[in-house]
1. Can you give me the long-range amide H partners of C18? Hydrogens built in the peptide plane at 1.01 Å from N, cutoff under 5 Å, separation of 5 or more residues or another chain.
2. Could you compute the FRET efficiency for T25 and T53, with r as their C-beta to C-beta distance and R0 at 25 Å, rounded to 0.05?
3. By count of other Cβ within 10 Å, fewest leading, how are R32, R4, R42 ordered?
4. So for L52, L31, fewest C-beta neighbours within 10 Å to most, what's the order?
5. Under a plain spin-label model, where a point goes 7 Å from the Cα along Cα-to-Cβ, how far apart in nm are T40 and D17?
Amino acid sequence: MTWRRSTFSGAAGGNNDCVEVAHPTPTTVHLRDTKNPTPTLRVPTHAFTSLLTKVG
């Protein structure tokens with residue numbers, strides 16, 4: 001699974017304050033904290049898309 005870091009994480013200059021996202025299937029998005037990579041949070045793609053739309 002390929003993890004990507006959020007471009008908005010770590011704005012204070014630290015590389016450890018990041019949220020990472022993986023999209024392993026068309027229906028699931030996985031989220032994790034860089035400092036503590038387990039456990040991960042798994043959400044349906046439509047729910048994650050809705051969240052991003054509302055906060056963006």
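No value in this document is a laboratory result; all are computed from the given coordinates. As the structure is a prediction and not an experimental result, all values here were calculated from the model. Positions of Cβ are generated from backbone atoms using ideal geometry, with glycine treated the same way; all protein chains shown enter the neighbour counts.
1. It is T34, K35, by chain and number.
2. 0.75
3. R4, R42, R32
4. With the sparsest Cβ surroundings first, the list reads L52, L31.
5. 2.5
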